[in-house]
Structures are given as structure tokens and as C-alpha cells.
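The values are calculated or read from the model by the stated rules, or taken from the named source; none is laboratory data. Every value quoted in this text rests on a predicted model; they were computed, and no experiment measured them. Surface areas here come from the heavy atoms of the whole protein model, side chains and all, with no ligands, DNA or RNA. Shrake-Rupley method; radii C 1.70, N 1.55, O 1.52, S 1.80 Å.
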Amino acid sequence: MTETTANASILATFQARFGRPARLFRAPARINIIGEHCDYNDGLVMPANLALYTWLAIAPRDDRTVRVMAADFQQTVEIRLDDICKNADGNWQEYPKGVLQVLQAEGFELKGADILTLGEIPLGGGLSSSASLETVVAFAMLSCAGYDIDRRRLALMCKKAENEFVGVACGIMDQYAISICERDQAMMLDCRSLEYLPTPLPLNARFLIINSGVQHRLHEGGLNRRREECERAVSLLSHKDPEIKALRDVCMNTLKDNRTVLGDILYRRCRHVVTEIQRVRDAHQAMANNNADKLGQLMSQSHRSLKDDFEVSCSELNSLVDIAQNCDGVYGARMVGAGFGGCTLSLVESDKLETAAAEICRQYGKILGQDPWYHVVETSGPVQEVAVGSL
Ligand code: GLA
């Protein structure tokens, strides 16, 4: 959908459904170039925002109800600001509910509103459709209540909603990128200090996203189990060295010395995180030097580590990555996001983009039984209000 069609369609639907004009907001999806499962280990990550959006139209109401209609689900939820109840089902409604609960708990005085959302981001695709929804709801509600928004606090509140209300033990990467990362760049984010370095994207190369067609459902616990394993490892290692507060503080030598203490599974989980944090540093260097070859190699190494050590890939993602890695013009490929399904990210020579995309989709289409969804990355700025006059 082009930007103008999405704008026009959501505002026209809002007018028809609620009988009054609305303000318009949007939050992007995010890709993570490298640094998977590092954020909740206080490590480094390399996200960028993707110009696929969760659109949101909003107009105030006179009462204390927030009615959210999700056009893509054809479902509406009515949330009473003074009585927000949780369901443990992890459905889309939990994200706006969680955000409204946390904003109010942090002292923001919100007003009732009618909201219409329209999502372009594939669900369960590892592109952060949930953080995009959380962030756009929070940003729009705070804007309508007249607050100046501190974007770092916005990200932290949205993460809190996902951790404490929805029950997914995610880190800060998605909400932080969507709240802050600018267009035409990635950010190397230090998830401990929350400091970041804007990082240039490679010239003459493009990122290609292909959906494996397997949807992940994070509230079912895959991410939470990995996080628990990392925490268990930290607890064992900190008995040996109290300076170890997170896997960020562990080096390969310490890990090797403690291989027996950790046992095989925890050792491999830790090895993924420790080597992946180093790959983020190396990727930052490669991107600063416009070295697409090196970046591609690091992405492919990251996939191997996620598959063999962290064990969050699946056979469909592995086939798609294999096909991409063997395709002419592809520098490297990996799964993206939490895993257990979702999309892959490939770095491709610009001149060979179309032929490579067609060839990967042709080969994977035979496995999937249909043409996969694919998308060439255009980056985006962070969550924002969209001027309606720009239609
Ligand atoms: C999900 C979480 C993030 C991060 C990634 C894995 O997207 O929301 O915080 O942990 O998985 O890198």
C-alpha cells in the first residue's frame, strides 16, 4: 500500500465509522541487521526502521472509554481507562490495554478516544508488529492529552507494557528503534546504557525481507524460555565472579572455563550471546567502511549461531536462509527477530536485487507451496504524527 492510499483509506474509514475527522499517526516496523537476543542480556543490537507501518487515526471522546477498532482484524475493543483488565491470551487487544495501563500508572492523565488502526506489518513475522502497535497507541494518546513526548521514556513505557501486561519478556530494542531511530540509517544501540551510534547502511546493497510463512506467537513462551536460560547462566557465573550481572559481562575465556558448570545447553546459549555481541561491533565497523561482503558474512554467521547454539530457528527459516546464501548476488542472510518462524533478512547487491529476489522466491515457493511474501527494505523515521494536509 502506498503512503497516500493508506492515509486516505484510514481517514475515510474513520470518518464513515465515527462521523468525525481524526488525527493521523504511524509507527514503523523494525528490522534488526544483527544482534539477535542480545538486548535482554544488556548487549548491543543494530536495528533500523522499516517503511511498513501501523497506521492509527484518533479523535477524542467526552467519556473515559478508549474504543480501538483494528481494521485488519475487523475487531473492536472498548477499554475503560479506570478499569483495565488483562486476558492471558496475548491477542492484539492486550497491547493497547497494556500501554494505557502503564501510561496511567506513570502519572499521565489520559482522555477517552475513538481509535482506528490499520497494520501493514506481517504478524508474527519478526518485524515487530506488536511494538509498532504499542508505540503508536502510546504516542497518539500522549499527543492527544497534550504532552510533550520524551521518546526514550516512551520506549521504556511500551517495553514495560509488553513485559508486565502482555507477559512477553522482550528487551528494549524494538520499542527503542521505533521511538527513536532516524531514516536512512541503523542504530548500534547499547542496551545497558541506552546510548547509540547512528550507523550508515551499506551503499550499492539492499536488504531483502522474505517471510517463511511460519507465524511465531511470542506470548506462547519461546522468548521467555530463552531469557530464563540466560538468567540461569548469569546466576551460575556470578557465583564465580560477582561482577557478572548479565551475559554482556562475560567473555569467551570465562565461558570456556565454566563449560562444565553451565552444561551443554546453557553453554551454547551463552556462546551465542557472547559471539553475537562481538558480531554487532564488527558489523558496525563493516558498515562504517561500507564493506557489504564482511557484513554479509557476519549475518550468515549470526544465523548459524541462532540455529545451532540459541536454537530459535526452524526448518523453514533454515531452508530460506540456505537458498538465499547460495544465490548469486547475496552477501549473507539470516533469520530476523525472535525466531520460531517469521522472516529472513538478506543483504543483496543492488544490481542483482530483482533476479536474486525472484530466484529465492521461486525456490522457496516450491517448499512453501505458494509464492512467499517479500519486501525490499526502505528505511523510515520513528513513530510520528502525519500531517493530514499531506494527502
Ligand atoms: C523480539 C523482542 C526483542 C528482541 C528480539 C530478539 O523482537 O521483542 O526485544 O529480544 O526478539 O533479538
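Would you mind checking the radius of gyration and Dmax of segment 170-218 based on alpha-carbon positions, in Å?
13.6, 36
When ligands, DNA and RNA are left out and all protein chains stay put, how many square angstrom of accessible area per residue does segment 311-354 have with a 1.4 Å probe?
Ligands and nucleic acids excluded, the figure is 33 Å² per residue.
In this model, which of 245/307; 86/159; 97/160 are farther than 20 Å apart at the alpha-carbon?
As for pairs spanning more than 20 Å Cα to Cα, those are 245/307.
For every helix of n ≥ 4 consecutive DSSP H residues, a contribution of -39,500 (n - 2.57) applies; sum these over the chain, divide by its total residues, and give [θ] at 222 nm rounded to the nearest 500 deg cm²/dmol.
Result for the chain, helices only: -13500 deg cm²/dmol.
If you roll a 1.4 angstrom probe over the protein chains with everything in place, what fraction of the accessible area of the chain belongs to carbon and sulfur, to the nearest %?
Here it works out to 45 percent.
Would you mind telling me which residue in 142, 306, 320 has the biggest mean-square fluctuation in a Gaussian network model of the chain, where springs connect alpha carbons within a distance under 10 angstrom?
142
Over the C-alpha atoms of the chain, what are the Rg and the largest Cα-to-Cα span, Dmax, in Å?
20.9, 67
Run the numbers on segment 240-311 and let me know its relative contact order in percent, using alpha-carbon pairs under 8 Å that are six or more apart.
Relative CO of segment 240-311 lands at 32 percent.
Provide, for q = 0.14, 0.22, 0.25 Å⁻¹, the log10 of I(q)/I(0) from a solvent-free Debye sum over equal Cα point scatterers in segment 333-387.
-0.51, -0.98, -1.13
If I build a Gaussian network model for the chain, linking alpha-carbon pairs within less than 10 angstrom, which residue out of 267, 40, 147 has the largest mean-square fluctuation?
147
Can you give the convex hull volume of the alpha carbon atoms of segment 61-179 per residue, in Å³?
97 Å³
For segment 191-346, evaluate the Debye formula with one uniform point scatterer on each Cα (no solvent term) and list log10 I(q)/I(0) at q = 0.09, 0.11, 0.17 Å⁻¹, rounded to two decimals.
-0.33, -0.49, -1.08
Rg(Cα) of segment 237-301 divided by 2.2 N^0.38 Å?
1.32
Please list, short to long, the whole-number percent of alpha-carbon pairs of segment 278-372 in consecutive 10 angstrom bins beginning at zero.
17, 47, 31, 5, 0
Pick from 322, 308, 257 the residue whose mean-square fluctuation is largest in a GNM of the chain, springs joining Cα atoms under 10 Å.
Residue with maximal mean-square fluctuation among 322, 308, 257: 257.
Any idea what the relative contact order of segment 109-237 is, in percent, if you count C-alpha pairs under 8 Å spaced at least 6 apart?
Taking the mean separation of contacting Cα pairs over the length of segment 109-237, I get 23 percent.
May I ask you to rank 42, 83, 351, 184 by accessible area, largest first, using a 1.4 Å probe over the protein chains only?
Descending order: 351, 184, 83, 42.
Relative contact order (percent) for the chain, with alpha-carbon contacts under 8 angstrom and 6 or more residues of separation?
Once divided by the residue count of the chain, the mean separation gives 23 percent.
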